[in-house]
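Report on the structure given below.
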Amino acid sequence: MKRHIAALGLLVMSLAAPASAQVIAPLRPYDPAIVRVAGRAEVYLPPDQARISVSFYGPGRTAADATNAVSERARALDTAVRAINPQNVSIERTDVSVRPVMREGGDRRPDRINGYEASASVTILVRDLAHLSRTVEAAVNAQPDAFNDVEFSIRDTVRARRAAREAAITDAVDKARVYAEGAGHRLGRLLLVEEGANNMIAQSGNRAIYAARAQMEAQEAVAPPPIAPEPLLYTAEVSVVFEVGAAIAAR
């Protein structure tokens, strides 16, 4: 009986304890203060290569006739491109496709094949932009049925991304130092570096080629206007956490 009474007494004592005993203690004065900032960089880098895409279309009585028609035009463009500079300008890929052209048969007869249509999509890779204008001129003078924008890119993307990341971390450290010193303290130890999720590369085209395309119907040979390569935008984001160091002594 005495044991039950003692246990009941302990229960009553725990219920009577003040609620403040279960509240987390406030931070102690020696807990280090921190500064958390995000760094961001937008780096515009000049491209060092370009791709030019054109397409040829052609009909034929048979699939072979249609394919041969567009393949012949694609080979003529290949010959013109090779004459520019074989080491720095070349046909990167050629995609040929063919499909039947159907003729409606009406109510009493089924539809039937009335010929074929082939297409050849040609992509030219220019590794040295000094040859870009001549390559565009050769592509335009091949009289393709479709001419897309010039797409610029950077061959060494690893170097480009590194430049953006270096600029982002420099921005983050500079911000942290400004905030810490502005509050009268030195910047302390680095505690965390975390890359952001918005790192990206923004490709760009060149609209100047449309002016040359508009002249294709009026002339057999066209000298397109000069094309200025557009810079590529690389961005990087990073978050850093530093301890706030010792107070800066007053001068």
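Read-outs throughout are calculated quantities, based only on the coordinates presented, and are distinct from any laboratory measurement. Nothing here was measured: the structure is a model prediction, and the numbers come from that model. We place every Cβ from the backbone using ideal geometry, glycine too, and count neighbours over all the protein chains shown.
Determine which residues of segment 125-150 fall in the zone a paramagnetic label at residue 97 would reach in this model, i.e. backbone nitrogen under 17 Å from the point 7 Å along Cα→Cβ.
145-148
Where in segment 169-198 does the amide nitrogen come within less than 20 Å of the point 7 Å from the Cα of residue 248, taken along Cα to Cβ?
170-190
What net charge is computed for the residues neighbouring residue 71, neighbours being all others with C-beta under 15 Å from the C-beta of residue 71, Lys and Arg scored +1, Asp and Glu -1?
So the surrounding residues net to -3.
Between residue 189 and residue 163, take the C-beta separation as r, use R0 = 35 Å, and let me know the FRET efficiency to the nearest 0.05.
Efficiency at R0 = 35 Å is approximately 0.85.
Estimate the FRET efficiency between residue 133 and residue 112 by the formula 1/(1 + (r/R0)^6), using the beta-carbon distance for r and 45 Å for R0, to the nearest 0.05. If you can, show how the numbers build up before the last one.
On the way: r = 48 Å, r/R0 = 1.06.
Efficiency, from the Cβ-Cβ distance: 0.40.
Tabulate in residue order the Karplus-calculated ³J(HN,Hα) for segment 79-95, using 6.51 cos²θ - 1.76 cosθ + 1.60 with θ = phi - 60°, rounded to whole Hz; enter x for Gly and Pro.
With the stated coefficients, segment 79-95 comes to 4, 5, 5, 4, 6, 7, 5, x, 6, 10, 9, 7, 6, 7, 7, 9, 10 Hz.
In the neighborhood of residue 187, defined by Cβ-to-Cβ distances under 14 Å, what is the net charge if each Lys or Arg adds +1 and each Asp or Glu adds -1?
Numbers: positive: 36, 175, 177, 186, 189; negative: 174, 181, 243.
Within the 14 Å Cβ shell, the charges total +2.
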